[in-house]
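Enquirer: Below is one structure. I have some questions about it.
Every number in this text was worked out from the coordinates using simple rules, so none of it is lab data. In this text, all values refer to a predicted model and were calculated from it rather than measured experimentally. Note: ideal-geometry Cβ built from the backbone for every residue, glycine included; neighbour counts use all protein chains shown.
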Amino acid sequence: MATVRHLAHAPIKEALIDFHIKSVGSVNAIALKPLVDAAKSLYGNETTIRQFSGPVMDAQEGKFLSSTEEVHTIGFALSNASKSSILQFRIDGFTHNRLTPYQSWSEFFPEAMHW
């Protein structure tokens with residue numbers, strides 16, 4: 001069996017685990033705050049994730065298909081000091097990104113599954 005070695009210029013630059021869930025009623029992003037607060041000790045840089053929607057016009061007909069404008073907070077993203085590891089807690093799921101320097105799946109997977 002070949003020996004596994006770390007490549008200095010490996011073609012894999014990022015690892016991620018992404019879970020999506022089907023919405024169950026009206027879930028407020030504030031419900032995610034206990035998870036966000038628990039992760040802040042390791043991932044201190046917090047950002048709010050917002051979803052924007054606006055009017056849509058049919059250019060042919062000159063009519064608005066949708067006229068509402070809305071902004072919703074759908075979650076929170078946290079990154080570590082080096083911004084190499086990012087957690088996203090959203091009302092529709094969870095994503096953990098590990099950016100360069102990505103070392104190994106065996107190192108990344110347990111960290112992602114912790115949350």
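Enquirer: What number, rounded to the nearest 500 deg cm²/dmol, is the helix-based mean residue ellipticity at 222 nm of the chain, given -39500 (n - 2.57) per DSSP H run of at least four residues and division by all its residues? Before the final figure, lay out the partial values.
Expert: Numbers: 2 runs with 17 residues, N = 115.
Rounded to the nearest 500, it is -4000 deg cm²/dmol.
Enquirer: Could you calculate the contour length gain from residue 38 to residue 73, that is, 0.36 nm times the residue separation minus the distance between their Cα atoms, to one decimal place in nm?
Expert: 10.7 nm
Enquirer: Can I ask one more? Enumerate the amide H contacts of residue 74 below 5 Å, restricted to partners 5 or more residues apart or on another chain; note that Pro and chain-start residues carry no placed amide H.
Expert: Sorted by chain and number, the residues that satisfy this are 49, 50, 51.
Enquirer: If I model a spin label as a point 7 Å beyond the Cα along the Cα-Cβ vector, how far apart are those points for residue 82 and residue 47 in nm?
Expert: The modelled label-to-label distance comes out at 1.9 nm.
Enquirer: Among the lysines, which have Cα under 19 Å from the Cα of residue 83 when same-chain residues fewer than 8 positions away are ignored?
Expert: Cross-link targets: 13, 40.
Enquirer: OK, next. Label point 7 Å out from residue 115 along Cα-to-Cβ: which residues of region 9-43 have amide N under 17 Å?
Expert: 14-21, 29-43
Enquirer: Just 34, 101, 55 to compare: in a GNM of the chain, with alpha carbon springs under 10 Å, which one fluctuates most?
Expert: 55
Enquirer: Mind checking which of 37, 58, 92 has the largest fluctuation in a GNM of the chain, springs on alpha carbons under 10 Å?
Expert: Of 37, 58, 92, the most mobile in the Gaussian network model is 58.
Enquirer: Using Cβ counts within 10 Å as a stand-in for footprinting exposure, how do 95, 3 rank, fewest first?
Expert: Ordered from fewest to most neighbouring Cβ atoms within 10 Å, 95, 3 come out as 3, 95.
Enquirer: Which order results if 61, 107 are arranged by neighbouring Cβ count within 10 Å, fewest first?
Expert: 61, 107
Enquirer: Please give the helix 105-114 orientation as an angle from the longest Cα principal axis of the chain, in degrees from 0 to 90, rounded to the nearest 10.
Expert: With rounding to tens, the tilt is 50 degrees.
Enquirer: As a test of the definition: which semi-axes, in Å, follow for region 27-114 when you take the square root of five times each eigenvalue of its alpha carbon gyration tensor? Largest first, please.
Expert: Numbers: eigenvalues 242, 51, 23 Å².
Over the Cα atoms of region 27-114, the ellipsoid semi-axes are 35, 16, 11 Å.
Enquirer: Between residue 57 and residue 14, what FRET efficiency follows from the Cβ-Cβ distance if R0 is 35 Å, with the result rounded to 0.05?
Expert: FRET efficiency, residue 57 to residue 14: 0.40.
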